[in-house]
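**Q** The structure follows.
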Amino acid sequence: MNIHEYQAKQLFKSHGVPVPGGGAATTEREARALVNEHGPDVVIKAQVHAGGRGKGRIVKRDRTSRMYNDLRRDPERYEGQISGRRRGGVRLASGVEEALKEFRPLMDKDSRLVSVQTGPDGAPISAALIEQQTSIAKEFYFSIQVDGANGQPLIVASAEGGQSIEEVNRTNPRAVLRVPVDPVEGFPSFRGRSLASRLGLPSSAIRPAGEMFANLYRVFIDMDASLVEVNPFVLTSEGTVVAIDGKVGLDDNASYRHGGYEEWRDRSQENPTEIEAEEANIGSYIKLDGDIGCVVNGAGLAMATMDTLKLHGGEPANFLDIGTVNRKDRVIEALRIIVNDPDVKTIFINIFGGLARVDIVAEGVVDAVKELNIQQPLVVRLNGSNVEEGRRVLHDSGIAVQTADELGDAAELAVNAAASGKRRPRSTG
Ligand code: GDP
Ligand code: MN
């Protein structure tokens with residue numbers, strides 16, 4: 001799960017990582033107080049769970065997808081600016097009045113931040129971070145994540161900071177340093193100092209940078225983070241270092257060790273359907289871009305199902321794993337979530353009963369079709385425990401359903417149903 005920049009900076013601060021003075025505001029009163037305390041020259045930053053904010057744009061809710069396309073088509077012309085006419089998600093201001101002029105549009109209920117990372121819907125803005133301005137001599141990149149291939153944390157750093165690290169890696173791979181970390185040894189500050197000198201920091205900044213890197217590593221370990229990224233940290237004109245951006249991803253698998261990460265979580269930045277699935281105790285639900293809603297049991301089967309749909313030219317609308325269910329109501333809950341997604345044109349249910357009993361799933365499907373008045377074409381493939389009984393339940397129910405015994409055949413039915421749903425408006429219209 002992701003957290004906001006202002007929260008990442010609270011973690012940085014409590015671990016001794018230098019950050020600019022400031023804090024988050026949602027009301028004019030709070031904004032005014034922060035400018036009085038840390039100004040007059042401040043930077044004002046939209047708080048959303050997405051990056052690229054500086055070059056993103058603040059727009060009204062009904063203009064997000066147009067702006068998203070413009071930003072991708074012609075960045076030169078549309079990219080947000082830190083000062084000037086084209087309002088981005090990161091803005092400089094001087095004094096309370098100017099700061100409030102930048103602050104107000106961020107907190108407008110109808111405003112969204114659109115960046116190349118938010119997608120066409122943009123992101124609602126949860127707060128504004130208001131900080132003292134930093135006078136920047138040079139921008140650097142630093143991150144820590146788990147390198148799955150080596151099973152170790154990996155530090156990535158570059159003297160080409162402030163921009164997309166993927167782009168730097170493409171155009172100038174030698175400018176990207178990779179430092180694997182032995183988790184038993186950790187990352188003490190003497191190793192940080194050697195990284196600092198490899199980055200070409202001046203002698204005045206080697207010691208503070210070395211400590212900053214070691215402290216960022218402590219944030220990573222203490223929080224069970226999956227990512228700590230500072231893009232950029234900067235060398236200031238006074239010759240020291242400051243983290244002026246911060247992105248922290250927390251590992252959901254460790255949330256039980258941190259009270260569910262509740263204090264860090266912002267549900268307004270999450271997909272509402274994913275929250276609904278979580279509250280209904282559905283094992284895992286992930287929203288995708290296609291139009292075939294999938295209900296399966298088991299993550300492996302979910303992936304095989306999506307691969308098979310793709311192989312037949314289809315696009316899944318989601319990944320929904322109901323796990324081992326032996327209760328009809330869980331099946332109905334899962335289908336309620338699928339049906340409420342307006343992108344779903346066809347429903348594909350693929351269940352392999354091991355411990356789960358296929359006949360109970362079938363009863364759940366039949367009840368759901370009646371109770372939820374499901375209109376979309378329904379394709380069901382059942383196999384495993386009590387499969388004969390399950391197929392009989394479906395057959396005897398009288399609901400409109402297509403079935404197949406093999407996954408490939410069933411996927412083809414689902415893809416065809418979705419495709420004819422798409423064609424229909426044209427041929428009859
Ligand atoms: P992002 O666009 O979402 O990654 O937001 P950042 O916090 O990284 O800000 C984007 C860019 O704004 C940075 O790379 C800096 O160039 C610039 N910026 C941010 N804060 C300051 C500041 O205090 N002073 C100046 N001069 N520039 C800043
Ligand atoms: Mn940044």
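**Q** Might you let me know whether region 218-238 holds any residue that is touching a Gly at 6+ places or on another chain (Cβ under 8 Å), hydrophobic (A, V, I, L, M, F, W, C), surrounded by fewer than 20 Cβ atoms within 10 Å (Cβ to Cβ) and not in a strand (DSSP E or B)?
**A** Yes.
**Q** With respect to Asp108, determine if the residue is more than 16 Å from ligand 2 (Cβ to nearest atom) and open to solvent by 50 Å² or more (accessible area, probe 1.4 Å).
**A** yes
**Q** Is there a residue in region 51-67 that is outside the structural domain of Glu211 (by TED's automatic domain parsing), modelled with pLDDT under 95 and closer than 30 Å to Arg207 by Cβ?
**A** Yes: region 51-67 contains one or more residues that are outside the structural domain of Glu211 (by TED's automatic domain parsing), modelled with pLDDT under 95 and closer than 30 Å to Arg207 by Cβ.
**Q** Go through (1) surrounded by 15 or more Cβ atoms within 10 Å (Cβ to Cβ); (2) part of a loop (DSSP other than H, G, I, E, B) and name the single condition Phe12 misses.
**A** Here Phe12 clears every test but (2).
**Q** Please give the number of the condition Val168 fails out of (1) in contact (Cβ under 8 Å) with a residue 24 or more places away in the chain; (2) part of a helix (DSSP H, G or I); (3) closer than 17 Å to Val17 by Cβ.
**A** With respect to (1) in contact (Cβ under 8 Å) with a residue 24 or more places away in the chain; (2) part of a helix (DSSP H, G or I); (3) closer than 17 Å to Val17 by Cβ, Val168 is out only on (3).
**Q** Determine whether region 47-60 contains at least one residue that is of a type in the set (Gly, Ala, Ser) and more than 16 Å from ligand 1 (Cβ to nearest atom). Step through it out loud before you land on a result.
**A** Within region 47-60, the subset of a type in the set (Gly, Ala, Ser) is 50-52, 54, 56.
Now narrow it down to the ones that are more than 16 Å from ligand 1 (Cβ to nearest atom): none.
Scanning region 47-60, I find no residue that is of a type in the set (Gly, Ala, Ser) and more than 16 Å from ligand 1 (Cβ to nearest atom), so the answer is no.
**Q** Turning to a different aspect of this structure: Hey, any hits in region 294-309 for a residue that's in the same structural domain as Gln152 (by TED's automatic domain parsing) and part of a strand (DSSP E or B)?
**A** No.
**Q** What tally of residues in region 7-23 results from selecting those that are within 14 Å of ligand 1 (Cβ to nearest atom) and small (Gly, Ala, Ser)?
**A** Residues flagged as within 14 Å of ligand 1 (Cβ to nearest atom) and small (Gly, Ala, Ser) within region 7-23 amount to 3.
**Q** Being surrounded by 16 or more Cβ atoms within 10 Å (Cβ to Cβ), within 22 Å of the chain's Cα centre (by Cα) and assigned to a helix (DSSP H, G or I) is the filter here; which residues of region 71-96 pass it?
**A** Listed by number, the list holds a single entry, Leu71.
The values are calculated or read from the model by the stated rules, or taken from the named source; none is laboratory data. As the structure is a prediction and not an experimental result, all values here were calculated from the model. For neighbour counting, all protein chains shown are included, and Cβ atoms are generated from backbone atoms with ideal geometry for every residue, glycine included. The area values use the complete protein model at the heavy-atom level, side chains included, leaving out ligands, DNA and RNA. Shrake-Rupley method; radii C 1.70, N 1.55, O 1.52, S 1.80 Å.
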